[in-house]
Amino acid sequence: QVHLVESGGGFVQPGGSLRLSCAASGNIFRINTMGWYRQAPDKSRESVASITSGGTTNYDDSVKGRFTISRDNAKNTVYLQMSNLIPEDTAVYYCNFKQVGRDYWGQGTQVTISS
């Protein structure tokens, strides 16, 4: 079992920045992928960005150039630096952890962009 704890959501004006963090604990294998999904009201959950334990990253086209995902393997923590935020980024952001064919989810953190 893997437990995820997220932090860093909040309210910011358009053009602002936020940094999300997610710490994993429990039965963690060396090879895994950590990432972020988001779900806006009345929309399906969508992938935002992911990073493997080897450092390979993947981004949704809507956030390329604005968001940066990184991780600290020693701390089993993944970060999402979000810049140039726009109202369309408003959503609940969920941390995701994948290993040996299983998915684990954080509780979600609200990100709201509004003037």
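The values are calculated or read from the model by the stated rules, or taken from the named source; none is laboratory data. Keep in mind that what you see is a predicted model, and the values were worked out from it rather than measured. Neighbour counts run over all protein chains shown; Cβ positions are idealised from the backbone, glycine included.
Observations on the structure shown:
- Inside the stretch 57-85, residues that are within 11 Å of the chain's Cα centre (by Cα) and charged (D, E, K, R) make up a count of 1.
- Of all residue pairs spaced 6 or more apart or on separate chains, those with beta-carbon atoms under 8 Å, a first member in the stretch 53-65 that is modelled with pLDDT of 95 or more and a second member that is of a type in the set (Phe, Trp, Tyr) are Tyr59/Phe67.
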